[in-house]
Structure formats: C-alpha cells, structure tokens
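Only one structure is covered here, and it is reproduced in the block below.
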Amino acid sequence: AGMLLFSLFSSSFLSAAPAQAQIIHAGQACVVKEDNISERVYTIREGDTLVLQCLVTGHPRPQVRWTKTAGSASDKFQETSVLNETLRIEKIQRLQGGRYYCKAENGVGVPAIKSIRVDVQYLDEPVLTVHQTISDVRGSFYQEKTVFLRCTVNSNPPARFIWKRGAETLSHSQDNGVDIYEPLYTQGETKVLKLKNLRPQDYASYTCQVSVRNVCSIPDKSITFQLTNTTAPPALKLSVNETLVVNPGDNITMQCSLMGGDPQPEVVWSHSPGPMPPNSLVQGGNLTIWRIRVEDSGYYNCTAINNVGNPAKKTVNLLVRSMKNATFQITPDVIKESETIQLGQDLKLSCHVDAVPQEKVVYSWYKNGKPARFSDRLLITRNDPELPPVTCSLEIIDLRFSDYGTYLCMATFQGAPIPDLSVEVNISSETVPPTISVPKGQSTITVREGSRAELQCEVRGKPKPPIIWSRVDKETPMPSGTMTMETYDGKLRLESVSREMSGTYKCQTARYNGFNIRPREALVQLNVQ
C-alpha cells in the first residue's frame, strides 16, 4: 500500500507543468506588428472593440489575470484587473491605450507573463482660429496688416496639415506672401498659416485639411474660414452693472448684446461655481432667472466666440441679499487682561451676522427694550477692527450697577425685504465666564466597531457658549467631513463608529455666543474594539 501511494504521488508530481501563455487578438485590429520580436503592437481605431485572448497551457490549469499600466507617465498607474482569459473592451477610448499584461499562474515554477501594447488611433475635428495684427510702416504713412490662421488638431499618429486657398494648395515656395510654420509651446498639433502684408487676393476662403494617411481607414478632416475685409473679433456690452445685488424672489433679466464680430459670434452664458440654475432661461444674449434664490448667487459669464481673435467675455457678480447666523461676544476689560465682568472696568459687547452684501448691514443697539443712549461712557463702533469684518461693538466705559440689563443687537438691510435678525445679551452680576469638564467616568469611552458612541463635556457659565469638538492626535477631519463640529449640549454623537475614529478628542468653548476669552478645553479618549 505504501509503494502504491508513493507511485501515485510521484506520477502526479511528474505530470505537473508550469504555466505558459500567448496573446492573440480577435477584435477589430487595424494591424498587429511585431517590433524587434519582443515588442508587439496592436493598432485599433477609437470606438472599435478590442478583444485580446490569453492562450494558456500548464497543469494544473493556470489562473489568468489581465492588468494594465497607463500609456503615459501623466496617467496614474491603473490596475484594471480581469480574471478571465479574454479581455474585451467595447468602444475603446484613447486613454485606454497602453500596455496590457497577461499573467498565467498555477503554482508550478514561475508565472508566465506576456504583454502587448495597444495603440489607439484617432483624428479629432480640427479647430481654426484667426488673429490679425496691424502695424505702422514708414513713418505711419501706411499700415501693414498681417493675418495668422492657426489650425490645431488632436490625433494619433501625428497629423499632416495641408493649407488651401480656394482649391489651390499653399506653400511658401510658390507664394512668398505666405509662411507656414509650427509654433512653439502649443498643446496638440498646430500649424500656422501667416499672410504677410495682406494683399487683395488674400481675402479668400482658406481650408485646413488634416490627415493621418488613412490609417485604420480614418478619413481626412477639414475646416474652412472665409477671410474678408470685415473679419473682426467679437465685442460685447452688458445691460447691468458688473456687480448686481437683488432680493430673493426677484425675477431678473441680464442682456448681453453683441457690439461687433464677423463672422457672427455665438453668445453663451455660463455660471460658476456649478451649472446654470434650473430656474433660468437663455434666449440669444438674454439670461432670465425667475424667483431667484440665495443659491443662485455667483458669477455669470457671457462669452462670445467666432474664432477671430480672443473670445469676448463679460462677467456679472450676482449677489442675492441674505442674512443668517447672528452671534454675540462679551469681551471683558482687555487692558486689565480681565476674564470676568467687574464693576469699574470696561466691557465690550459685539454683534455679527453673516450677510450678503456684508458691508450694507446696519446694526442698532437696545437696552431693556429702548434704543441705547450714546454718551461718553457708551461708545458704538460700527466696524470693530479687532473682530471679524463688519462686526458692531457697544463699549461700556467704567461699568456701573445701572449698566446691568438686557442688551439687544438688531441687524437690518435698510429698504430691502429681508427679515431683521437680532441677538440678546444679558449683563448682570450672574454673567460669568465658562468652565468645562468631563463628567466622572466619561474621560475614556470604549465601544465596539459599528455601534454608536457619545462623548460628553459639561460646560457651566452664563451664558453657556457652544462647544467645538476636534481631533487631537490625528490631522484628520471629524465624521462630518469638517475639521471641527459644534454642539450646543456638549455631547458629540457618533454613529456606526469605525476603528479610524479611535483616538483623543478635544472639546473647547467657542469664543462666540459667550465670552471672547481664551477657550476652556478638556479631552476625551475614544477606544474602538
């Protein structure tokens, strides 16, 4: 029995064969070339179907994996992994060109690796632009006009250019009034036809024909331009100011009128950031936006293009009035470096809203429901230089008992239908700066991965400021995606906790909606099992 087992083992071992591989093509190849035996190149037209088969032998049967490295250094290495003997790519695109590897592995000997380079051929539509220059010659008695016709195309292999005037092919040797050259530092392939010191016969029809010599049966392409004595770049005029401030809910129309350009330019409106709003309509050069919203703010660009000279562009910065986030700050006497409110010391109350346009906000102060009376002890600074832009401050010099009370700051847009925003600050002997601590037994929280966690910090003080949470030991954002998170009850709630969330978290008092002093802070450790 032992001998039989040995013979079975040795026969199966001897029948094992290392993997071998060979790549064959079965798709719409134009040509498959062998370069220096080692380099195989598969040429295919963009949009056709690529089919590569990896024929393998070996025992046990090898497992096959296709991988790819990108065609150029600028493309990142991409691992398109296909566990199949046949690699099939429908409608192949130019970025899918490059070297494809077939790796066959069966655990016997070294894996077999074969490669083939896929060269995707294409010829885009050419683009023709015209640039004109006029220079004075011979003491300004007469002007010399030079025209540059620039033809650009993207292709693989590199395209051949032919310039024609009417049906006649142009070359410098036959007409010394023209120059044909390749400019430096251009993207894509470019040829320039220069018409020197324009003559009457130069006002004609010009064609740029591009060819890849019919590789992969790709036909030639061409573009034609009619040069006349009225050929001119586009010019635009706007019906509104470059900065336009509107109220939410308004209907607005911006007119972008053509003031020149031959051939007739095409006028296009665009919006940045993001696409044009859904409540907008473009008709010719007119852009209408109905029931405008705050999110419709941004830059609206009107562009006119006729491929002569540079495109004409006019931009409108559209601001939709808005007010939100009213906050206050209590700043104790800075000169005395105080962190508490004390009678006989100075005190500053500040108020800020986030508004568009920010500089048009008007702030008013009230004490116990009545307009605050200004005096040599009560100063108002509309734009406090020590605080965020357009923050209004009310400063009380030499605080007295009679200054205690409820102060209200109101922010308004005068003459605009935007609701006012207000914020209240209570000043009394009970107004004290905050302290922060972690409840007993809560300084280390241990939870299982996937469950929820709640980190807690207790804040005391009057008023109670918001708590700002951040991570201490890792330069990573909070679960919300931002670097900090604000909570009003001191609790940070984390859903479906992952192991990456473990670490030390810091809670600290905000410097707004409370005292504008050095933040108080505490630490909580989160362990994820």
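The values are calculated or read from the model by the stated rules, or taken from the named source; none is laboratory data. Here the structure is a predicted model, which means the values were calculated and not measured. Reconstructed Cβ throughout: ideal geometry from the backbone, glycine too, with neighbour counts over all protein chains shown. With ligands, DNA and RNA removed, areas are computed over all heavy atoms of the protein, side chains included. Shrake-Rupley method; radii C 1.70, N 1.55, O 1.52, S 1.80 Å.
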For Arg377, state whether it is modelled with pLDDT of 95 or more and of a type in the set (Lys, Arg). no
The lone exception for Ser217 - which of (1) open to solvent by less than 50 Å² (accessible area, probe 1.4 Å); (2) in contact (Cβ under 8 Å) with a residue 24 or more places away in the chain it fails: (1)
Output the residues belonging to region 470-523 that are in contact with an Asp or Glu (Cβ under 7 Å, 6 or more places away or on another chain), of a type in the set (A, V, I, L, M, F, W, C) and either loosely packed, with under 15 Cβ neighbours inside 10 Å or farther than 23 Å from Ser437 by Cβ (or both). Val497
Subset of region 302-319 that is open to solvent by 20 Å² or more (accessible area, probe 1.4 Å) and assigned to a strand (DSSP E or B) - its residue that is farthest from Ser272 (Cα to Cα): Ile305
What number of residues in region 120-138 are open to solvent by 40 Å² or more (accessible area, probe 1.4 Å) and of a type outside the set (Lys, Arg)? 10
Wholly within region 107-172, which strands (runs of 3 or more DSSP E) include no fewer than the required count, namely at least 3 residues that are over 15 Å from Lys191 (Cβ atoms)? 112-123, 127-137, 142-153
Does Gly284 satisfy the condition of being modelled with pLDDT under 95, open to solvent by less than 30 Å² (accessible area, probe 1.4 Å), over 30 Å from His172 (Cβ atoms) and not hydrophobic (A, V, I, L, M, F, W, C)? no
Determine if region 90-101 includes at least one residue that is modelled with pLDDT of 90 or more, more than 30 Å from Thr228 (Cα to Cα), open to solvent by less than 50 Å² (accessible area, probe 1.4 Å) and part of a strand (DSSP E or B). yes
Quick one: Val64 ticks every box in (1) modelled with pLDDT under 90; (2) open to solvent by less than 60 Å² (accessible area, probe 1.4 Å); (3) more than 35 Å from the chain's Cα centre (by Cα) bar one, so which box is it? (1)
